[in-house]
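I have placed the structure first, in the form of structure tokens, so that the comments after it can refer back to it.
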Amino acid sequence: MPVVVIIGGQWGDEGKGKIVDLLAEKACYTVRFSGGDNAGHTVVNQFGEFKLHLTPSGIFHQTCTAVIGNGAAVNPAVLLRELSELKRSGVDTSHLLISRRAHVIMPYHILFDRLEEKGRGEQAIGTTQKGIGPAFADKVARLGIRVGDLLDHDVFYRRLKQVIEHKNTILTKVYGAEPLSVDEVYRTYIEYGKELEPFVQDTEVIIADAIRAGKMVLLEGAQGSLLDPDFGTYPYVTSSSPTIGGAILGSGIAPAAITACLGVFKAYATRVGSGPMPTELKDETGDFIRKRAQEYGATTGRPRRCGWFDAVAGRFTTCINGFTGIALTRLDVLDVLPAIKVCVAYELQGQRLKHFPSNSETLSRCQPVYEEFQGWLAPTSGIRRLADLPLKAKRYVEGLEELLGCRMDIISVGASREQTIMVR
Ligand code: IMP
């Protein structure tokens, strides 16, 4: 049975939640492998409309175990709130598992995220201020607290005391802020630990057993490949890897077990926060797309920057992830535009660049070179078969396939499960 990885091909918000929700019907496990509650996965189904920040989108399927893998960072308060909201809507959440190895977002991470952003001034990254950067920094600095630690009170107290003393020195001496109380944080997080304990497992072992038993596993990416700390628009990136590398590391699955890697792309481009975006439309077309598609951050409510599809960036993310197929979302948003552009190359100081530059300063100086497609000016949200798409919409889809060098597997023409064209 397949192990399928679902990855964002752009700057996040590509509609991965819907695609996972759709495929999870056949899966036995869905695993979140990176990020934390900086993500916001919108899912619309028979239970209602949800913006999931931490819970894997597979939670809606009774037969699918939803796993928060070792590579994710867990804010217990957010997770517990999300679980109770799901329960209130009639969703059974008892089939959730959380890796003992996943790191915990602590109050000082959120504090430092805010203070560091303020300190960056004009060069602020525009983080979601959920403590993600500081939490992953602590992970590699070996100062992190893991979910498993919350269940061992003595170990947790000792580690927390050491870490908070270190953090308090920085808080008070560098930022002139108030110190945190070890005992207060300890008491709060021990309570969180008690509530989360029924879900905590060695998930890596459970997933490996499932794969050996031939069960279908979905790996659910958060954010998008262009926010990857290695391959994205550094330093305007997130702090865990949303790419295939992150999927392997953040779930404990062996690379050879992966049978498919689906890249999710919006039919245009969006970005939240700072950093270069060559195809950004700072005009009425950009405003029109934002309004029509309701492009506002699911986590922060910030207006998303909107622009044309960037096939140079898309080719790059297709290459580094090895996408075996594409899920194209929100095609219906373009239904009313008379002409649609796609960036096919960059121009930099009179030179054509066909590759995505490694550095943000260079990328910010690149001018997009566009190929124009005719708009189809017809509604697509009721279409369920590729053959029924307007000819010009089909040409657009085929154009993207060619530019990305990857075949189309799924086309989404609306938020609900049914509004989907399964191409293959
Ligand atoms: P952080 O992940 O909160 O540290 O934010 C770093 C950058 O990633 C900022 O530009 C955020 O706007 C962006 N970002 C983080 N999570 C998401 C997401 O789920 N969708 C889109 N952008 C995101």
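The values are calculated or read from the model by the stated rules, or taken from the named source; none is laboratory data. Keep in mind that what you see is a predicted model, and the values were worked out from it rather than measured. Here the Cβ is made from the backbone with ideal geometry for all residues, glycine too, and neighbour counts use every protein chain on show. All accessible areas refer to the heavy atoms of the entire protein, side chains included, with ligands and DNA or RNA removed. Shrake-Rupley method; radii C 1.70, N 1.55, O 1.52, S 1.80 Å.
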> Ranked highest first by average number of other Cβ atoms within 10 Å, how do 124-136, 330-342, 398-410 line up?
Replying inline: 124-136, 330-342, 398-410
> Counting DSSP beta bridges with both partners in the chain, what percentage is antiparallel, nearest 5?
Replying inline: 40 percent
> Angle, helix 182-196 long axis vs. longest principal axis of the chain, Cα atoms, 0 to 90°, nearest 10?
Replying inline: 60 degrees
>> Rounded to two decimals, what is the ratio between the C-alpha radius of gyration of region 103-196 and 2.2 N^0.38 Å?
In response: 1.09
> Taking a quarter of the surface of the Cα convex hull of region 246-328, what do you get in nm²?
Replying inline: 6.7 nm²
> Relative to the longest principal Cα axis of the chain, at what angle does helix 284-293 sit, 0 to 90 degrees, rounded to 10?
Replying inline: 60 degrees
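Of all the C-alpha pairs in region 366-424, what % are more than 20 Å from each other?
Details: 508 of 1711 pairs.
Tail fraction, whole percent: 30.
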> Expressed as a whole percentage, what fraction of the accessible surface of the chain belongs to carbon and sulfur atoms when a 1.4 Å probe is rolled over the protein heavy atoms?
Replying inline: 51 percent
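Output the direction-averaged projected area (hull surface divided by four) of the convex hull of the alpha-carbon atoms of the chain, in nm².
Computing the convex hull of the Cα atoms and averaging its projections yields 20.1 nm².
How high is the relative contact order of the chain, in percent, with contacts defined as C-alpha pairs under 8 Å that are six or more residues apart?
20 percent
Rolling a 1.4 angstrom probe over the protein heavy atoms, how many square angstrom per residue are accessible across region 265-422?
For region 265-422, the per-residue accessible area is 44 Å².
Considering every pair of different Cα atoms, what Kirkwood radius, in Å, is found for region 38-92?
11.6 Å
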> Quick one: how many Å² of LYS291 are accessible to a 1.4 Å probe, rounded to 10?
Replying inline: 150 Å²
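What pairs from LYS51/LYS282; LYS26/LYS51; LYS130/LYS354 go past 29 Å between their alpha carbons? Before the final figure, lay out each step's value.
Details: LYS51/LYS282 27 Å; LYS26/LYS51 22 Å; LYS130/LYS354 35 Å.
Distance filter (> 29 Å) returns LYS130/LYS354.
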> Counting Lys +1, Arg +1, Asp -1, Glu -1, what net charge surrounds LEU281 among other residues with beta carbon under 10 Å of its beta carbon?
Replying inline: 0
> Which value at 222 nm does the chain reach when only helices count, each DSSP H run of 4 or more adding -39,500 (n - 2.57), with the total divided by all residues and rounded to the nearest 500 deg cm²/dmol?
Replying inline: -10000 deg cm²/dmol
>> Please state the shape class of region 121-249: rounded when a/c is under 1.5, otherwise prolate if a/b exceeds b/c and oblate if not, all from the C-alpha gyration tensor.
In response: oblate
> So which aspartates and glutamates can LYS161 reach, going by Cα to Cα under 20 Å and dropping same-chain residues fewer than 8 places off?
Replying inline: ASP138, ASP149, ASP152, GLU178, ASP183, GLU184, GLU191
> What ranking of CYS64, CYS319 comes out by heavy-atom accessible area, probe 1.4 Å, highest first?
Replying inline: CYS319, CYS64
> Which values, in whole Å and largest first, are the semi-axes of the equivalent ellipsoid of region 14-170 obtained as the square root of 5 times each eigenvalue of the Cα gyration tensor?
Replying inline: 30, 19, 12
> Stokes-Einstein at 10 °C, 1.306 mPa s, Kirkwood radius from Cα pairs: D for region 265-422 in µm² s⁻¹?
Replying inline: 98 µm²/s
> What does the highest-first list of 195-205, 168-178 look like by mean Cβ count within 10 Å?
Replying inline: 195-205, 168-178
> Cα-Cα over 28 Å: which of LYS291/LYS394; LYS18/LYS394; LYS16/LYS194?
Replying inline: LYS16/LYS194
>> Which one, ILE145, ILE320, ILE105, has the greatest fluctuation when you compute a Gaussian network model over the chain with C-alpha springs under 10 angstrom?
In response: ILE320
> What FRET efficiency comes out for the pair ARG187/THR362, r = Cβ-Cβ distance, R0 = 51 Å, nearest 0.05?
Replying inline: 0.55
